[in-house]
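Notes follow the structure.
Throughout, read-outs are computed from the coordinates displayed, never taken from laboratory work. If you're wondering where the values come from, they're calculated on a predicted model, not measured in any experiment. Note that we place each Cβ from the backbone using ideal geometry, even for glycine, and neighbour counts take in every protein chain shown.
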Ligand code: GLA
């Protein structure tokens, strides 16, 4: 891939002297969905697919940004003196946003650069192509300008870029999973204090299969922010009566004993998901530690049901594919992953059943929804690296 990136850079900027090539992964969340802004646990892992950047420092303050994935947009020309959101800059706003966030924290870039990006994460699939681009940018800034910054802080500044510069109110899961990724491990992260531990993913004779519904989701347009508000409202109502800091402070039992405080049935459903999903995630990691993959899969299935019925973030495409997956032989578990409303589902499938799984599910989905789903058998890779 390094050679390909050198060639791409040469094509756009003439020659490839003095360039460095970087990579940051995408991520998939195994369980713990819509818990990261409720102080709960998540359990994502970084993938071997991700985003590449070939970067060369300039001796002025210009930023020339090009993406092989968006060649129709050409070279996006901007500068370190124009770090404001501009719709016309499209994907390059993520890059600008990270430079902006770094500056806010006094990591100042003195010179601009020419960059060619290329990503092999399907765009808008819910596998965090934007967080990958953000962390990648933070990582090459650190390398070029020798900033003394830890990966964890790069994750936080990437989230800040997304929240405050791009205007998407996401939690910390995606950026953290990407910055801190570790081959063959998922990250059990407590989003209330960022304590984490790695958990080896030993699936024996099974593999992680990601199913892309090819229904593109746009986080900005989705009901993501609405769900966040509903959870905040529920939390505030609870706080009037009981002493908690986040919905994740509640156990299932405590929630059931106090849910009447919320009055509104809709808020009860939303908060129920946040509470139960957090507890499911804690249980799921224990199952893995005990090598109980079957129970882990069962918890994944329950997670989907909760996201469908209580949190209402799935939709016909994700439900069709996940519910059909449950009926297939060799499926340990399947659920939607990421924000929802389209995008991808994640499943664990026994190796010997994968071919039939893909064929049956693909046919069923095409017949029901009218267009194809895509399938990726994925491996868990490392966090950002210099190639
Ligand atoms: C998106 C957000 C994350 C998280 C998930 C839902 O991926 O970026 O912060 O909230 O949705 O779990």
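Data for the structure
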read-out: The chain: angle of helix 224-239 to the longest principal axis, Cα-based, in degrees nearest 10; value: 50
read-out: Calculated FRET efficiency for the pair residue 184/residue 309, C-beta based, R₀ 41 Å, to 0.05; value: 0.80
read-out: Global form of segment 332-381, assessed from the alpha-carbon gyration tensor, a/c cut-off 1.5; value: oblate
read-out: Share of pairwise Cα separations in the chain, more than 31 Å, in percent; value: 37
read-out: Tilt relative to the chain, helix 293-309 - C-alpha long axis, 0 to 90 degrees, to 10; value: 90
read-out: Separation of the residue 15 and residue 329 label points, Cα + 7 Å toward Cβ, nm; value: 6.2
read-out: Segment 2-200 shape via C-alpha gyration tensor axes, a/c threshold 1.5; value: prolate
read-out: Approximate spin-label separation residue 260-residue 204, in nm, with each point projected 7 Å along Cα-to-Cβ; value: 4.6
read-out: Rounded if a/c under 1.5, otherwise prolate or oblate - segment 75-124, Cα gyration tensor axes; value: prolate
read-out: Inter-part distance where segment 358-378 and segment 16-68 are each reduced to a Cα centre, Å; value: 28
read-out: Nearest 10 degrees, 0 to 90: helix 129-145 Cα axis against the chain principal axis; value: 40
read-out: Relative contact order of segment 1-129, defined on C-alpha pairs under 8 angstrom at six or more residues apart (%); value: 29
read-out: Footprinting exposure proxy for 293, 305 (fewest neighbouring C-beta atoms within 10 Å first); value: 305, 293
read-out: Between segment 145-181 and segment 290-320, the alpha-carbon center distance in angstrom; value: 27
